[in-house]
Amino acid sequence: MVKRKYDPYYKQAKKEGYRSRAAYKLMEISERFYIIEEDDNVVDLGAAPGGWLQVAREFTTGRVVGIDISPIEPIEGVLTLRADLRESSTVSKVQELMGEVDVVLCDAAPNLSGAWSYDHARSIELAESALMFACETLSIGGNFVCKVFQGDMLDEFIKKAREHFRIVRVFTPKASRKESAEVYVVGKDYFRSPINVGDMFTVEILGMGKEGDGIAKVEDFVVFVPDTSPGDRVRIKIKKVAPSYAKGEITKKRNM
Ligand SMILES: C[S@@+](CC[C@H](N)C(=O)[O-])C[C@H]1O[C@@H](n2cnc3c(N)ncnc32)[C@H](O)[C@@H]1O
């Protein structure tokens, strides 16, 4: 309580009628990265008590839906669902309610145990579910903001986000408490490619790229394959997917 009294964001939220000091985090993130546009449909995961929902409602004239395992007091013009963001039924409900989704936000946090690595792992589990949620609901070009507690699995999560968004940044808003381990992963411009990391294909090398890798195509999508020459037929595993190309690694060379 004493801490709160001296917290300028807590005081400002009280004065300005926001349900949480977290509202100022979303304002800063959205203004800096142009996350919510005027008529966007926005889904907020882990939305209670509703500070982010209030901000989203102010930023867009589109639909705003909030999801939380805890109840959310009604907010005018906002639809709320009491549901677990990790459940596939939650994805289906949102698809039914909203059709096109332009922005997926996630400020969800596990109940903290105080054990750093355990809390980090649970936060990553929520963030990965939110990323899957975003991939299943976002329209092409959509945006994603997700809270994660820092730790050794953060880099892997960022790598996964880069497989789906053209721009990925990690950002700490001013309103995040100094002692907090939280950061926000911001994904801009959602893209869908016909292939995913881990997919396997047998391909023929059709030419050479500028950097000396062989070039193959999967459904017209360019795949660079190191250590190959035109005419090679190789079995590859996809290691990286970018918006306009992928990289594969040979698992087997085959004779033509
Ligand atoms: C930090 S609060 C969110 C604050 C909110 N952004 C605001 O501005 O008011 C985190 C929320 O995540 C919710 N949460 C945690 N795990 C969840 C899950 N699996 N599904 C949905 N909500 C979850 C919690 O119930 C909690 O309300």
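Being at negative phi and either acidic (Asp, Glu) or within 10 Å of the ligand (Cβ to nearest atom) (or both) is a description that applies to Leu105.
If you take the residues in segment 29-83 that are within 10 Å of the ligand (Cβ to nearest atom) and assigned to a helix (DSSP H, G or I), which one is surrounded by the fewest Cβ atoms within 10 Å (Cβ to Cβ)?
The initial filter retains those residues of segment 29-83 that are within 10 Å of the ligand (Cβ to nearest atom), namely 44-56, 66-72, 81-83.
Then keep just the ones that are assigned to a helix (DSSP H, G or I); that gives 51-56.
Working: Gly51: 22, Trp52: 30, Leu53: 28, Gln54: 24, Val55: 25, Ala56: 31.
By that ranking, first place goes to Gly51.
When the criteria are applied in full, Asp102 meets the requirement of being surrounded by 13 or more Cβ atoms within 10 Å (Cβ to Cβ), in contact with a Gly (Cβ under 6 Å, 6 or more places away or on another chain), in contact (Cβ under 8 Å) with a residue 12 or more places away in the chain and closer than 22 Å to Leu138 by Cβ. Just one of the listed residues (Arg166, Arg177) is under 23 Å from Pro243 (Cα atoms) and surrounded by fewer than 17 Cβ atoms within 10 Å (Cβ to Cβ), and it is Arg166.
Residue check: is Leu97 in a helix (DSSP H, G or I) and of a type outside the set (Phe, Trp, Tyr)?
Details: in a helix (DSSP H, G or I): yes; of a type outside the set (Phe, Trp, Tyr): yes.
When the stated conditions are applied, Leu97 passes them.
Counting only residues that are among the charged types (D, E, K, R), in a helix (DSSP H, G or I) and closer than 22 Å to Arg166 by Cα, segment 108-152 holds 2 of them.
Can you name the strands (runs of 3 or more DSSP E) wholly within segment 158-256 that have at least 1 residues being touching a Cys at 6+ places or on another chain (Cβ under 8 Å) and either farther than 30 Å from Ile29 by Cβ or of a type outside the set (Val, Ile, Thr) (or both)? Full working, then the answer.
On the way: elements: 165-171, 182-190, 200-204, 214-218, 221-225, 233-241, 245-254.
Passing ranges, in order: 182-190.
Among the candidates Glu211, Glu219, Glu179, single out the residue that is farther than 18 Å from Glu156 by Cα and touching a residue at least 24 places away in the same chain (Cβ under 8 Å). Outline the logic, then answer.
Values: Glu211 fails: touching a residue at least 24 places away in the same chain (Cβ under 8 Å); Glu179 fails: touching a residue at least 24 places away in the same chain (Cβ under 8 Å).
Answer to the selection: Glu219.
State which residue pairs qualify: first residue under 12 Å from Val148 (Cβ atoms) and inside segment 112-135, second residue more than 14 Å from the ligand (Cβ to nearest atom) and in a helix (DSSP H, G or I) in any location, beta carbons under 7 Å apart, and separation of 6 or more residues or different chains. That search, which allows pairs on different chains as well, returns Ile124/Phe157; Ala127/Phe157; Glu128/Phe157; Leu131/Lys160; Leu131/Ala161.
Inside segment 149-179, residues that are touching a strand residue (DSSP E or B) at 6+ places or on another chain (Cβ under 9 Å) and over 22 Å from Val103 (Cα atoms) make up a count of 1.
Starting from residues that are more than 25 Å from Leu53 (Cα to Cα) and surrounded by 15 or more Cβ atoms within 10 Å (Cβ to Cβ), keep the ones in segment 139-156 and report whichever is nearest to the chain's Cα centre (by Cα). Give the steps one after another, and end with the answer.
Step one: list which residues in segment 139-156 are more than 25 Å from Leu53 (Cα to Cα), which gives 151-156.
Keeping just the survivors that are surrounded by 15 or more Cβ atoms within 10 Å (Cβ to Cβ) gives 151, 153-154.
Numbers: Gly151: 17, Met153: 15, Leu154: 12 Å.
Among residues in segment 139-156 that are more than 25 Å from Leu53 (Cα to Cα) and surrounded by 15 or more Cβ atoms within 10 Å (Cβ to Cβ), the one nearest to the chain's Cα centre (by Cα) is Leu154.
Just so you know, all these numbers are worked out from the coordinates, no wet-lab data involved. Computed from a predicted structure; not experimentally measured. Every residue, glycine among them, receives a Cβ derived from its backbone with ideal geometry; neighbour counts consider all protein chains shown.
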